[in-house]
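Written out below as structure tokens is the structure these notes cover.
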Amino acid sequence: MQKRSPRIAVVPGDGIGVEVIAEGVRVLKHLAPDLELEHFDLGADRYLRDGVTLPDDVFMRWRDEFDAIFLGALGDPRVPSNVHAKEILLGSRFRYDLYINQRPIRLLDARKCPLKGKGPSDVDIMVFRENTEGLYTAVGGVLKKDTPDEVAQEACVVTRKGVERIIRAAFEWADANGKRRVCMSDKSNAMRNVGQLWQKVFRIVAAEYPHIEASHLYVDVLAMELVRAPERFEVIVTGNLFGDIITDLGAILQGGIGLACSGNIHPGQLGLFEPVHGSAPDIAGQGKANPMATFLTAGMMLANLGRPELEVRIIEAVRVLLLADQTTPELGGTLTTSQVTDALLEQLG
């Protein structure tokens, strides 16, 4: 029986998400014309039109019929609560159990790094952020709301299963990719109950990989060390909140949020891939949006679909464009969004 082509659900999102995902689709069609792409009208416009965020029938179709979701940025000032963004993005992460948020911190052009004397060999880190637990589970509440005695509570929910599988994913990736250092980061000196679980499980899993150096840093120290000596890190594994913060710091080390890509993954199942910059409504529709994070996200998605050689081609093409200043203005270039894609496609050949 002939294997079917991968099916991709394309969700442009809001603001500049619509523009950069359109450019990402151009790249996907160029590199992998056999992919089956289906666009879905989900985002702020749809929510404002008929109140729909992520319908159950679409959720089930994605689960049963698709291999990946290619998602643009979500967020629109016309929806102050961002309810549509939460239900599409966070809803997908939790409902599909996409427990790995994988984000590379990869410097491609030394000139773009704000750290003096650091180059691509110094900033090459893969972060494994736990994606379904921690402080992002919305467990908590408010007591005596709108009174002087108002109390708000947010619970940090952590399970041994959740901790073990993200730590194991980090070690497995390190082992498969020739990396020899894994650092786990927490705040166990202050969050003792959660921290003790992370510490215990990390020691147990690390013992299965004696050839990989396992280390631990409190998250505040990790933040300092990423600025002082990013070259000491190859793989970092941490919880949901800390991973969110650390990877944004890492985005600046590699040249800015416009180069930051991510994958939300459960191995062997549907994955969700998104550039991590915001929807930037202030520049939407002006041709100023940087599509490079979207190109790199498309590369991650292709690698997850079993085509790692295409991700390598995208990374190298983006590197060439950066070094030649064929970028949008925020990275020192003069090109528009679509012109960057034109240059990338020319480089890809």
(request) Could you tell me which of the residues 201, 237, 194 is in contact with an Asp or Glu (Cβ under 6 Å, 6 or more places away or on another chain), of a type in the set (A, V, I, L, M) and buried (at least 18 other Cβ atoms within 10 Å of the Cβ)? (result) 201
(request) Any chance you could count how many residues in the range 1-44 are surrounded by fewer than 19 Cβ atoms within 10 Å (Cβ to Cβ), among the aliphatic types (A, V, I, L, M) and either outside the structural domain of residue 281 (by TED's automatic domain parsing) or without any contact (Cβ under 8 Å) to a residue 40 or more places away in the chain (or both)? (result) 3
(message) Against the conditions (1) over 19 Å from residue 103 (Cβ atoms); (2) surrounded by 21 or more Cβ atoms within 10 Å (Cβ to Cβ); (3) in contact with a His (Cβ under 8 Å, 6 or more places away or on another chain), where does residue 293 fall short? Just the number, please.
(response) (1)
(message) For a quick check of your reading: which strands (runs of 3 or more DSSP E) sit entirely within the range 169-269 and have at least 1 residues that are touching a Pro at 6+ places or on another chain (Cβ under 9 Å)?
(response) 261-265
(message) Just to be sure I understand the filter: pairs with C-beta atoms under 8 Å, separated by 6 or more residues or on different chains, first member in the range 303-327 and assigned by TED's automatic domain parsing to the domain that holds residue 289, second member assigned to a loop (DSSP other than H, G, I, E, B) and of a type in the set (Asp, Glu). Which pairs pass?
(response) 305/67; 319/109; 322/109; 323/109
(message) Looking at residue 208 and the list (1) under 14 Å from residue 167 (Cβ atoms); (2) touching a Phe, Trp or Tyr at 6+ places or on another chain (Cβ under 7 Å), which single condition is not satisfied?
(response) (2)
(message) Being of a type in the set (Gly, Ala, Ser) and either in a helix (DSSP H, G or I) or in contact with a helix residue (DSSP H, G or I) (Cβ under 7 Å, 6 or more places away or on another chain) (or both) is the filter here; which residues of the range 36-74 pass it?
(response) 43, 44, 68, 72, 73
(request) Taking residue 181 as meeting all but one of (1) over 25 Å from residue 98 (Cβ atoms); (2) in contact with a Leu (Cβ under 8 Å, 6 or more places away or on another chain), write down the number of the exception. (result) (2)
(request) Being surrounded by 17 or more Cβ atoms within 10 Å (Cβ to Cβ), in the same structural domain as residue 173 (by TED's automatic domain parsing) and within 26 Å of residue 94 (Cα to Cα) narrows it down to one of 250, 271, 299, 255, so name that one. (result) 250
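Please verify whether the range 105-113 includes one or more residues that are buried (at least 22 other Cβ atoms within 10 Å of the Cβ), in contact with a Leu (Cβ under 9 Å, 6 or more places away or on another chain) and assigned by TED's automatic domain parsing to the domain that holds residue 283.
no
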(request) Report yes if residue 310 is part of a helix (DSSP H, G or I), out of contact with any strand residue (DSSP E or B) (no Cβ under 7 Å at 6 or more places or on another chain) and within 29 Å of residue 128 (Cα to Cα), otherwise no. (result) yes
(request) Test each condition in (1) modelled with pLDDT under 95; (2) in a helix (DSSP H, G or I) for residue 77 and report the one that comes out false. (result) (2)
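Residue-wise test of (1) hydrophobic (A, V, I, L, M, F, W, C); (2) closer than 17 Å to residue 18 by Cα; (3) over 16 Å from the mean Cα position of the chain (by Cα).
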| site | (1), (2), (3) |
| --- | --- |
| 239 | no, no, no |
| 246 | yes, no, no |
| 255 | no, no, no |
| 279 | no, yes, no |
| 294 | no, yes, no |
| 325 | no, no, yes |
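The values are calculated or read from the model by the stated rules, or taken from the named source; none is laboratory data. Remember, it's a predicted structure, so these values are computed and weren't measured experimentally. Ideal geometry is used to build each Cβ from the backbone, glycine not excepted, and the neighbour counts take in all protein chains shown.
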